[in-house]
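S.K.: One structure follows; several queries about it will come next.
The values are calculated or read from the model by the stated rules, or taken from the named source; none is laboratory data. Source: prediction; values computed, not measured. Here the Cβ is made from the backbone with ideal geometry for all residues, glycine too, and neighbour counts use every protein chain on show.
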Amino acid sequence: MTDRPQRAHRDFLVISDFTKSEIDGLFGLAERMRCGEYTSKPLAGKTLGMIFTKSSTRTRVSFEVGAYQLGGHALFLATRDVQLGRGEPVADTARVLSRMVDGIVIRTFAHSEIEELARHADVPVIDGLTDLQHPCQILADLLTVRQHLGTIKDRKIAWIGDGNNMANSWIDAADVLGFELALACPEGYDPDEALFARAKAAGNVTLHRDPRDAVSGAHVVNTDVWASMGQEEEQKIRERAFSGFTVDATLMKLASRDAIFLHCLPAHRGEEVSAEVIDGPQSRVWDEAENRLHIQKAIMAVLMGGERLG
Ligand code: CP
Ligand code: NVA
């Protein structure tokens with residue numbers, strides 16, 4: 001079998017697939033969607049295929065609802081229910097879905113699987129989370145920072161905890177957008193070395209071992225679970241390794257007075273964050289979750305619906 005000639009399309013696998021001005025354009029579009037000003041239906045007659053190998057509440061619901069609100073349709077494909085789960089190659093899945101759907105979002109383990117899918121698909125592929133990246137979430141987080149702090153420029157963002165998919169996408173975002181990102185990770189739980197080295201060379205990121213150093217003067221304090229999906233068996237080991245990394249009221253006091261707290265959710269109260277912080281006045285986690293819907297609609301409108309940026 002030969003592939004059809006590639007159609008012109010763009011994927012969104014990592015934050016750096018967009019330029020700074022394109023990301024600003026996405027934020028502008030998402031804001032218009034949030035305030036109800038945007039009423040176009042750029043996905044009319046179009047279908048989004050959604051391949052999920054891992055669990056999801058926010059990502060799944062925001063893409064499904066978002067596609068519907070833009071006039072389109074979303075098709076949820078749990079890996080275990082499709083032939084991909086029985087060993088059909090990713091490349092073949094990409095070729096077949098490309099003949100029937102207009103875009104694909106995928107949540108899986110290995111980032112290389114998403115890259116393989118994108119190589120063989122001739123419709124846009126969107127990263128719904130891998131072990132390496134969670135770019136849609138970080139765009140929603142940045143939208144939340146804009147919403148509550150007005151601007152991202154000149155803001156210090158602190159990341160406390162695991163150097164995981166979330167941390168990596170924050171690093172990529174700091175590199176593209178040029179804000180200050182201070183990470184605190186226990187030894188052995190550092191973020192991706194190559195991503196970190198690139199952003200560090202540009203002077204945008206620092207890595208600390210003491211959470212107090214990262215949080216000091218920060219405008220945004222951000223954390224995530226200590227054991228991500230697929231790492232459940234490491235829970236006990238990680239609880240020991242991350243001792244002292246809980247974002248609690250004492251730590252929040254070191255941040256800027258008007259600092260906000262973010263968490264991509266799901267959260268484990270009493271582990272990476274205290275209930276007092278996540279349920280307290282500085283927390284913006286519910287707006288953050290809602291912003292998944294607005295930013296993903298903006299991404300779909302641009303990649304699948306022909307909406308222009310800027
Ligand atoms: N934050 C996030 O991606 O949530 P879900 O795992 O529920 O999609
Ligand atoms: N780091 C977490 C994010 C969940 C949205 C995980 O991968 O499970």
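S.K.: Identify, from the list GLU193, GLU232, the residue that is within 16 Å of ligand 1 (Cβ to nearest atom) and over 30 Å from ARG34 (Cβ atoms).
M.R.: The match here is GLU232.
S.K.: So, of the residues in the range 33-54 that are part of a loop (DSSP other than H, G, I, E, B) and more than 13 Å from MET300 (Cβ to Cβ), which turns out to be nearest to ligand 1 (Cβ to nearest atom)?
M.R.: So, considering only residues that are part of a loop (DSSP other than H, G, I, E, B) and more than 13 Å from MET300 (Cβ to Cβ), the one nearest to ligand 1 (Cβ to nearest atom) is LYS54.
S.K.: If you check every pair at least six apart or on different chains, which have Cβ atoms under 7 Å apart with a residue in the range 194-217 that is closer than 20 Å to ALA241 by Cβ and of a type in the set (Phe, Trp, Tyr) first and a residue that is modelled with pLDDT of 95 or more and surrounded by 19 or more Cβ atoms within 10 Å (Cβ to Cβ) second?
M.R.: That search, which allows pairs on different chains as well, returns PHE196/ILE171; PHE196/VAL205; PHE196/LEU207.
S.K.: Collect the residues in the range 94-110 that are in a loop (DSSP other than H, G, I, E, B), under 21 Å from MET304 (Cβ atoms) and away from ligand 1 (no atom under 16 Å from the Cβ), keeping them in residue-number order.
M.R.: ARG99, MET100, VAL101, ASP102
S.K.: Let me ask something else. Taking the range 118-169, which residues are within 16 Å of ligand 2 (Cβ to nearest atom), in contact with a helix residue (DSSP H, G or I) (Cβ under 9 Å, 6 or more places away or on another chain) and of a type in the set (S, T, N, Q)?
M.R.: Scanning the range 118-169 gives THR130, GLN133, GLN137, THR144, ASN165, ASN168, SER169.
S.K.: Still on this structure, please answer the following. Which one is surrounded by the fewest Cβ atoms within 10 Å (Cβ to Cβ), of the residues in the range 250-275 that are of a type in the set (A, V, I, L, M) and away from ligand 1 (no atom under 16 Å from the Cβ)?
M.R.: ALA275
S.K.: Just checking, does the range 148-169 include any residue being part of a helix (DSSP H, G or I), closer than 24 Å to LEU29 by Cβ, more than 16 Å from ligand 1 (Cβ to nearest atom) and touching a His at 6+ places or on another chain (Cβ under 9 Å)?
M.R.: yes
S.K.: On to the next question. Show the residue pairs meeting these rules: Cβ distance below 9 Å; 6+ apart or different chains; first residue within the range 158-179 and under 10 Å from VAL205 (Cα atoms); second residue aromatic (Phe, Trp, Tyr).
M.R.: The qualifying pairs are TRP170/TRP159; ILE171/TRP159; ILE171/PHE196.
Condition check ((1) of a type in the set (Ser, Thr, Tyr); (2) in contact with a strand residue (DSSP E or B) (Cβ under 8 Å, 6 or more places away or on another chain); (3) buried (at least 18 other Cβ atoms within 10 Å of the Cβ)) across all residues:
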| residue | (1), (2), (3) |
| --- | --- |
| ALA194 | no, no, no |
| ALA199 | no, yes, yes |
| VAL205 | no, yes, yes |
| HIS219 | no, yes, yes |
| TRP226 | no, no, yes |
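S.K.: Here are some residues: PRO135, PRO124, PRO191, PRO186. Which one is farther than 23 Å from PHE27 by Cβ and touching a residue at least 40 places away in the same chain (Cβ under 8 Å)?
M.R.: PRO186
S.K.: Right, something else. Kindly indicate whether any position in the range 271-290 is assigned to a loop (DSSP other than H, G, I, E, B) and on the phi > 0 side of the Ramachandran plot.
M.R.: no
S.K.: Continuing with the same structure: Just checking, how many residues over the range 55-93 are assigned to a helix (DSSP H, G or I) and within 16 Å of ligand 1 (Cβ to nearest atom)?
M.R.: So the answer is 11.
S.K.: Another question, if that's okay. Do we have GLU88 as more than 16 Å from ligand 2 (Cβ to nearest atom) and surrounded by fewer than 17 Cβ atoms within 10 Å (Cβ to Cβ) here?
M.R.: Answer is yes for this residue.
S.K.: Follow-up question, since we're still on this one. Tell me yes or no: at least one residue of the range 120-127 is more than 14 Å from the chain's Cα centre (by Cα) and assigned to a helix (DSSP H, G or I).
M.R.: Yes; the residues of the range 120-127 include at least one that is more than 14 Å from the chain's Cα centre (by Cα) and assigned to a helix (DSSP H, G or I).
S.K.: Next up: Starting from the range 80-97, keep only residues that are touching a residue at least 12 places away in the same chain (Cβ under 8 Å) and under 14 Å from MET50 (Cα atoms), then list their pairs with residues that are surrounded by fewer than 22 Cβ atoms within 10 Å (Cβ to Cβ) and charged (D, E, K, R) whose Cβ atoms are within a distance under 6 Å, requiring at least 6 positions of separation or different chains.
M.R.: Here the result reads VAL90/GLU113; VAL90/GLU116, each pair linking the range 80-97 to a residue that is surrounded by fewer than 22 Cβ atoms within 10 Å (Cβ to Cβ) and charged (D, E, K, R).
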